[in-house]
Amino acid sequence: MNKTVIKSDVTHHYLRPKKKFPNVWCAGCGNGIVMGALIRAIDSLGYDKDEVAVVSGIGCSSRMPVYLDFATLHTTHGRALAFATGVKIAKPHMKVIVITGDGDALAIGGNHFIHACRRNIDITTILIDNKIYGMTGGQFAPTTPGGAIATTAPHGNYEKQFDVVKLAIGAGASYVARGTVYHVDQLEKLIVGGLKKKGFAVIDTFSNCHTYFGRFNREGDAVEMIRWFKKNALPVEAVEKIPPEKRVGKFVTGLIYESDATEFCDEYQMLVDRLAGKGNAQ
Amino acid sequence: MTTRAASKSMGKKDGSEKPEDRYEIRLSGSGGQGLILAGVILAEALGIGDGKNVVQTQSYGPEARGGASRADLVVADGEIYYPKTMKLDLLLALTQEACDKYYPDLKEGGTLIVDSTMVTQVPTKNYYGLPFMQLAREEVGIVMVANVVSLGAISELTGIVTRDSIRNAVLARAPRGTEEKNKKALELGIEAAKKLLKEKR
Amino acid sequence: MLEYGKTKLLQGNEACVYGALYAGVQFFAGYPITPSTEIAEGMARILPHIGGKFIQMEDEIGSIAAIIGASNAGCKSMTATSGPGYSLMQENIGYAYMTETPCVIIDVQRGGPSTGLPTKIAQADMMQARWGTHGDYNAIALAPSSAKECFTETVRAFNLSERFRTPVTVLTDEVLGHMREIMTIPEEGELKVHKRQKPDVPPDWYRHFEITPSLVSPMAAFGEGYRYNISGLTHDPDGFPTAVPSEIKAKLEKLHHKIDNYLDEITSFRTEMMDDAHVAVFSYGTVARASYQAVKMAREKRIKVGAIQPFTIWPIDEARIKSMLDGVKKVIVAELNMGQLFYEIQRVAPKSTEVFHLGRYDGEVMTPLQILQKIREVL
């Protein structure tokens, strides 16, 4: 197994050092790990800083763009994808990345999420999935497992959950992956894949909220929660080889789905070209 | 503005209810008779062709589906303040229902033009009747151009719009391939009206 | 296509489309809603021909979000809607105020509250155009009353929006949006078209929300060499979230004063027969046209009455209204609601002027006779 090399000089090159550090996240939060993986992914692709826009909504994860030295747009709760859609269509050459959480993307922003998938617009969405609302103090999210405790599910969560991967595939995204904050190398590769994909990419990224989810549900501290990801992740390449009874309670990671559906901005350009060949509007 | 119809209008004027510098038209019938389009064509003929100021309004929504349908026009040489009609100078009614419903909005001495086969009970003796639908069906072969036939008749009977302008406006709005039929419909309306005027004299 | 100098029969909604094109709109996002849909339809038809971008979003929340995104990426951007959609947009309109993002929102007013009267007229969104989103901010809203003014006020909305880095609402209404009227498209260059002020400092010196002496900050766009943060959180001049009281205060005062300091540039009125008027009718939009008609009819009866029509609904130019009403004994505020503009005029009118309200809220447009009757009543 490869050892992760922490290239802190690389990381620092993409941060806004004089700005509002230290960050707002709890010690041990997975958000920083995701931010590191994102930076390394962008660096490995050699993108110019000026061609990258990072858009987010509201929540712990959505604070990430503030720290990044790109064009950054920290928007309203749930709407990051709609803002990002405007940015992307206005400047199709830009690499548009959306950082969102499970509550932000799937509850208040659920409609924008499925429609961004449907349009297959070239946006890479990193959905940091910690199964709870962290910033507001631990309420249940559309991903919170049944029975889990949250401040608005004090007797255990009796709602059903979204499966982000199935939802994204069903809605039309052309690159759907799942990673975790334990599998950092894999996460970086999945982000690279998402950025290279011309289409809507979703990277469902399991992360830990030990402050609320872990504490409420006796799942331990950050390290213990991250260990749980290590123990229960099933690489997609291996999943067929594992008997069904041994898959129970585990989750699949890796690039789970990819298609070569046409991308939205390309479709629009084709329309423009077709009209240009055809003549004038009324 | 002065038009043949306005200068010809008979009876007492409604003074307090409407200023005399506006000429108000309503084209009415039932939904699907192309009255809104006729209103647009007439407005373009008056506004673009003859250089008048024109406002065209209509009723939208559930009210506009089925039943009586209408397009209203206000025409003036100067600025049009109030955009809706106040008291009609000219009413075209292609159905009995429209005639019954809108005749009270016609000013005293205003011009009433009806489809003579559709409107059998006309509330006044002072009107023009022509079989627009029948002419469209029998002479042009499509009933849908009855609206254009009636525009031809309006131009002849009232003189509010110049012949060139209405011809150009009809052609500009005719769907491709139907130019000849629309031209024919317009001339049909003009000729029928000429004949009617001769008979009336 | 926009044909300069051509005389056309245009719906108010279509005139808004052409006005936007004249002003250089590059991006439109919208969601179907009566009675504004013709604006989205016009944009969908024309924008792909001229290098512009059109998208039908999944809802009005997405529409306003997309145009704010596009505006920050450098495009002149616009959306159009009506009551329910305007309500849905309010949170993100607040985001546009806070992030000082230029954009134009056309609200073709219909009856409300709620779904109300999709195909009937009202003028009851006036207060929403000022106070619709939460928090402290200042707002610009314009109100045309004819197809020609739908065109010119849309151009003006873009100009003010780009000039002051703020969203601008154009309040039209169902009758105005749907009626067709003869107008001539202005020649190229005939109307002023404002271009967004770009920074002239190197990227390292650039501050996206800099508090300049004019209070309006030059605006870079994404992807053009300037990297900065934009946030709906109350922020410092660099765009980073702040909790420092002095920075919070400075930000809110900037939002207010960058508009209040430029009333002369922003507000615009038309007056008719006001020179010797004892009574004035104060109204906007479609109602203003009924008022002119009523004034004309009243003058024929030697009643000394005049009319005032604001094209700028917000901000309220207190000093100017006061001076216009100087010597006027009575003013009738005519509007299609149960009292909105009325309270503003009551607030700013000289003490010697008595203020009356004439409201209509049955889905129908106010008639000249109704206004004439009110004039007689207050005499």
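No value in this document is a laboratory result; all are computed from the given coordinates. Note that this is a predicted model, so its numbers are computed, not measured. Note that each Cβ is placed from the backbone with ideal geometry, even for glycine, and that neighbours are counted across all protein chains shown.
Add -39500 (n - 2.57) for each DSSP H run of 4 or more in chain A, then divide by its residues: what number comes out at 222 nm, to the nearest 500 deg cm²/dmol? Working shown, then result.
Numbers: 8 runs with 89 residues, N = 282.
The helix-only estimate for chain A comes to -9500 deg cm²/dmol at 222 nm.
With a simple spin-label model that places each label point 7 Å from the Cα along the Cα-to-Cβ direction, the separation between B:Asn126 and A:Lys250 comes to 9.6 nm.
Evaluate E = 1/(1 + (r/R0)^6) for C:His256 and C:Glu300, where r is the Cβ-Cβ distance and R0 equals 41 Å; express this FRET efficiency to the nearest 0.05. Walk me through the intermediate numbers first.
Working: r = 45 Å, r/R0 = 1.10.
For C:His256 and C:Glu300, the calculated efficiency is 0.35.
Put in order of Cβ neighbour count within 10 Å, fewest first, the listed residues C:Arg347, A:Arg218 become A:Arg218, C:Arg347.
Ranked by the mean number of other Cβ atoms within 10 Å per residue, highest first, peptides C:171-179, A:88-96, C:337-345 order as C:171-179, A:88-96, C:337-345.
Relative to the longest principal axis of the Cα atoms of chain A, helix A:222-232 runs at roughly 80 degrees.
Simple point charges give the picture: +1 on the Cβ of Lys and Arg, -1 on the Cβ of Asp and Glu, and for chain A a dipole about the Cα centre of about 340 debye.
Taking amide H atoms as placed 1.01 Å from N in the peptide plane, the amide H of A:Asp69 lies under 5 Å from those of A:Leu15, A:Arg16, each 5 or more residues away in sequence or on another chain. Dipole magnitude for the protein assembly as shown: computed about the Cα centre from +1 point charges on Lys and Arg Cβ and -1 point charges on Asp and Glu Cβ, it is near 360 debye.
Length gain on complete extension for the stretch C:Lys192 to C:Asp276, per 0.36 nm per residue less the alpha carbon to alpha carbon distance? Intermediate values should be presented prior to the final figure.
On the way: separation 84, 0.36 × 84 = 30.24 nm, distance 3.36 nm.
Length gained, C:Lys192 through C:Asp276: 26.9 nm.
Along the Cα→Cβ direction, 7 angstrom out, place labels at A:Tyr257 and A:Arg215. What is the inter-label distance in nm? So the label points at A:Tyr257 and A:Arg215 sit 3.6 nm apart. Take the Cα of A:Lys160, step 7 Å toward its Cβ, do the same at C:Thr7, and the gap between the two points is 6.4 nm.
Please compute the volume of the convex hull spanned by the alpha-carbon atoms of the stretch B:2-200 and report it per residue in Å³.
Working: hull volume 22.6 nm³, N = 199.
Cα-based convex hull of the stretch B:2-200, divided per residue, equals 114 Å³.
Helices in chain C that qualify as membrane-span-like (whole DSSP H runs, Cα extent of at least 30 Å along the helix axis, mean Kyte-Doolittle hydropathy of 0.5 or higher) do not occur. The alpha carbon centroids of the stretch A:255-271 and the stretch C:315-379 are separated by 56 Å.
Can you give me the relative contact order of the stretch B:2-200 as a percent, contacts being Cα pairs under 8 Å and 6 or more apart?
On the way: 385 pairs, mean separation 44.9, N = 199.
After rounding, I find 23 percent.
The phi torsions of the stretch A:69-80, fed into the Karplus equation with coefficients 6.51, -1.76 and 1.60 and a -60° offset, translate into couplings of 8, 10, 6, 10, 10, 9, 9, 9, 5, x, 9, 3 Hz, rounded to whole numbers, with Gly and Pro shown as x. Between B:Asn168 and B:Lys198, what FRET efficiency comes out of the Förster formula 1/(1 + (r/R0)^6) with R0 = 35 Å and r the beta carbon distance, rounded to 0.05? That gives a FRET efficiency of 0.85.
Counting only lysines at least 8 places from B:Lys101 when in the same chain, those with an alpha carbon closer than 22 Å to its own are B:Lys13, B:Lys18, B:Lys84, B:Lys87, B:Lys125, C:Lys120.
Counting, for every residue in C:45-55, the Cβ atoms of other protein chains within 10 Å of its Cβ and taking the mean gives 5.
Taken residue by residue and averaged, Cβ atoms of other chains lying within 10 Å of the Cβ of C:168-176 number 1. What the phi angles of the stretch C:224-241 give under the Karplus curve with 6.51, -1.76 and 1.60, with θ = phi - 60°, is a coupling list of 10, x, 10, 10, 7, 9, 10, 9, x, 5, 4, 10, 7, x, 8, x, 9, x Hz, glycine and proline written as x. For the pair A:Val10 and C:Leu263, a Förster radius of 56 Å applied to the C-beta separation gives a FRET efficiency near 0.60, rounded to the nearest 0.05.
Using the structure shown, list the pairs from B:Lys198/C:Lys301; A:Lys18/A:Lys189; A:Lys91/C:Lys6; B:Lys183/C:Lys8; A:Lys196/A:Lys250; B:Lys107/C:Lys296 with a Cα-Cα distance above 31 Å, or answer none. Before the final figure, lay out the partial values.
Working: B:Lys198/C:Lys301 43 Å; A:Lys18/A:Lys189 29 Å; A:Lys91/C:Lys6 33 Å; B:Lys183/C:Lys8 22 Å; A:Lys196/A:Lys250 29 Å; B:Lys107/C:Lys296 20 Å.
Going by Cα-Cα distance, B:Lys198/C:Lys301; A:Lys91/C:Lys6 fall outside the 31 Å limit.
As a rough footprinting exposure proxy, the listed residues B:Ser150, C:Ser82, B:Ser116 were ranked by other beta carbons within 10 Å of their own, and the order from fewest upward is B:Ser116, C:Ser82, B:Ser150.
Over the whole of C:69-80, what's the average partner chain Cβ count within 10 Å per residue? Rounded to a whole number, please. Don't skip to the answer; put the middle values down first.
Values: counts 18, 8, 3, 10, 13, 3, 5, 0, 2, 0, 0, 0.
Mean partner-chain Cβ count within 10 Å for C:69-80: 5.
Order the peptides B:166-175, A:103-112 from the highest to the lowest mean number of other Cβ atoms within 10 Å of their residues. Display every interim value, and only then the final one.
Working: B:166-175: 18.2, A:103-112: 24.8.
Per-residue Cβ counts within 10 Å, averaged per peptide and sorted highest first, yield A:103-112, B:166-175.
Identify the residues of the stretch B:182-201 with backbone N under 19 Å of a label point that sits 7 angstrom from the Cα of B:Thr117 along the Cα-to-Cβ direction, or state none. Answer for this model: B:182, B:184-196.
Exposure proxy for C:Asp362, A:Asp9: other Cβ atoms within 10 Å of each Cβ, ordered fewest to most, give A:Asp9, C:Asp362.
Order these peptides, C:248-258, C:18-28, by their mean beta-carbon neighbour count within 10 angstrom, highest first. Mind showing how you got there, number by number?
Numbers: C:248-258: 16.0, C:18-28: 24.5.
By packing density, highest mean first, the sequence is C:18-28, C:248-258.
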